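Chemist: Here you go, one structure.
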Ligand SMILES: [Zn+2]
């Protein structure tokens, strides 16, 4: 019967925001076989189904350029945390951490580094095929992580690669690109990425050029040396000639607020004038989130997680690490809140700051932090209040800034208190920064979530409402939209996201998931069918 109709679905009477930053226009959208085949004024008779949008805004589905869902999608394929905020496409493999390549001899190190995936595959193609076979609700594409590549070749060694190791890393990177990665990410703040230098990064990033890939970097520093870190990222971009995406751009140290981001924005604009293709992404919150072991000085990680845990239990070494950690955390232990602890025993610490935990346990804060890391064998995460609203708004207002959640695919009953960005990033930008703070018009907010990231990532057939594009769509109520997820109650469904379509299929309506898994695995340079 479906074939008798010209359209599977017509969405009528919408205020269409097409994702190009152009003003909205009133019209209808006709969909057939998952694609937008017509926009304009359409006759309803020809459609299997007609939805009256009642003059609400219809936008392209949101594209999350910065997520880590590769580690959770196999367990949470319905991706409620993503779908309920209007995300229809996400790019994983960020911050230097990806699902592949896997060196079977170093699987344990890899699990310590990257979390709980099984890693019983070698190549990216194998991981992607599995996702494809099990089905997912969002479209998913990935970067390959520099840290994962370096770990496969050199483990956690704190030195330059020799010639042979460099060749091996290049070979693995090319393999991932052949398998459909969109580029490479780095996590220069985390081991083993932190052991690399600008020469190593430039040599690897250069390899992306022939693939048309891009380089996304979690920079070496986001606290007191953000300016130097941006300089390094621009240097890699200049040397390699490959487009650069600065991941979750921010300044996390109070003493550097309101100054450093003015400098970094000026540096990026100058680089753009010179012809470097530089953009950035950002999540709209004043707290970051990472693993608790990020509070251990980097030299403690040489050799990997197990070595680090040993050092924390060796009194003389622990004292040295403690002294350094306390020095860099003056006045900050109260801002670091436990968001996840794996064991039942430490469940009470979730939601408490390191300063509070130290007081309850009657120990020094660095000891409280290190003890938790040891007791949880590293499986303990934090939310860290480090940014200011002035910086968030200044960075977000830049024309080169897009939105990226830094979140994960998860259900509404995921354990612990994850950062609310997992569940609320995109509605928060629209409700708070666009509607309430009036930083920019709605068309610009949507552009930062759709057309701009699609162009950066290199997805030619998504991110716009245009004939021939895949029908990833969000119907939203601009007056009602609200990010209800917050730090103490992050796993809430956002308000005002009325309907979410992935490849033309209704995936959520008014905060209820339809159970459909119509997402596709996206591969660079390959058409999705
Ligand atoms: Zn990151």
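Chemist: For residue 276, only one of the following conditions fails: (1) outside any helix (DSSP H, G or I); (2) touching a residue at least 24 places away in the same chain (Cβ under 8 Å); (3) over 24 Å from the mean Cα position of the chain (by Cα). What is its number?
Modeler: Among (1) outside any helix (DSSP H, G or I); (2) touching a residue at least 24 places away in the same chain (Cβ under 8 Å); (3) over 24 Å from the mean Cα position of the chain (by Cα), residue 276 violates only (3).
Chemist: Does residue 405 satisfy the condition of being assigned by TED's automatic domain parsing to the domain that holds residue 109 and within 19 Å of the chain's Cα centre (by Cα)?
Modeler: It is true that residue 405 is assigned by TED's automatic domain parsing to the domain that holds residue 109 and within 19 Å of the chain's Cα centre (by Cα).
Chemist: So, in region 112-137, of the ones that are touching a helix residue (DSSP H, G or I) at 6+ places or on another chain (Cβ under 9 Å), away from the ligand (no atom under 16 Å from the Cβ) and part of a helix (DSSP H, G or I), which residue ends up modelled with the lowest pLDDT?
Modeler: 112
Chemist: Does residue 390 meet the test of being out of contact with any strand residue (DSSP E or B) (no Cβ under 7 Å at 6 or more places or on another chain) and without any contact (Cβ under 8 Å) to a residue 40 or more places away in the chain?
Modeler: When the stated conditions are applied, residue 390 does not pass them.
Chemist: Check whether at least one residue in region 188-209 is at pLDDT 95 or above, within 15 Å of the ligand (Cβ to nearest atom), under 14 Å from residue 276 (Cβ atoms) and surrounded by 23 or more Cβ atoms within 10 Å (Cβ to Cβ), and report yes or no.
Modeler: The answer is no, given that none of the residues of region 188-209 is at pLDDT 95 or above, within 15 Å of the ligand (Cβ to nearest atom), under 14 Å from residue 276 (Cβ atoms) and surrounded by 23 or more Cβ atoms within 10 Å (Cβ to Cβ).
Chemist: Which of the residues that make up region 479-507 are in contact (Cβ under 8 Å) with a residue 40 or more places away in the chain and outside any loop (DSSP other than H, G, I, E, B)?
Modeler: The answer is 482, 495, 497, 498, 499, 500, 501, 502, 505, 507.
Chemist: Suppose we keep only residues that are over 19 Å from residue 395 (Cβ atoms) and over 19 Å from the mean Cα position of the chain (by Cα) within region 210-235. Which one would you say is farthest from the ligand (Cβ to nearest atom)?
Modeler: 210
Chemist: A further question on this structure: Give the residue, chosen from 80, 90, that is within 16 Å of the ligand (Cβ to nearest atom) and in contact with a helix residue (DSSP H, G or I) (Cβ under 9 Å, 6 or more places away or on another chain).
Modeler: After ruling out the rest, the residue left standing is 90.
Chemist: Just to verify a result, which residue in region 39-73, among those that are within 16 Å of the ligand (Cβ to nearest atom) and in a strand (DSSP E or B), is farthest from residue 14 (Cα to Cα)?
Modeler: Going through the qualifying residues, I end up with 67.
Chemist: Does residue 180 satisfy the criteria of being in contact (Cβ under 8 Å) with a residue 60 or more places away in the chain, farther than 18 Å from residue 213 by Cβ, in contact with a helix residue (DSSP H, G or I) (Cβ under 7 Å, 6 or more places away or on another chain) and more than 16 Å from the ligand (Cβ to nearest atom)?
Modeler: no
Chemist: State which residue is nearest to the ligand (Cβ to nearest atom) when the search covers only region 384-430 and only residues that are in a strand (DSSP E or B) and surrounded by 24 or more Cβ atoms within 10 Å (Cβ to Cβ).
Modeler: 407
Quick grid of which residues meet (1) over 16 Å from residue 88 (Cα atoms); (2) surrounded by 22 or more Cβ atoms within 10 Å (Cβ to Cβ):
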position	(1), (2)
466	yes, no
473	no, yes
481	yes, yes
508	no, yes
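Chemist: Looking at region 449-462, is at least one residue touching a helix residue (DSSP H, G or I) at 6+ places or on another chain (Cβ under 7 Å) and part of a loop (DSSP other than H, G, I, E, B)?
Modeler: yes
The values are calculated or read from the model by the stated rules, or taken from the named source; none is laboratory data. Here the structure is a predicted model, which means the values were calculated and not measured. FYI the Cβ positions are ideal-geometry reconstructions off the backbone, even for glycines, and counts take in every protein chain you see.
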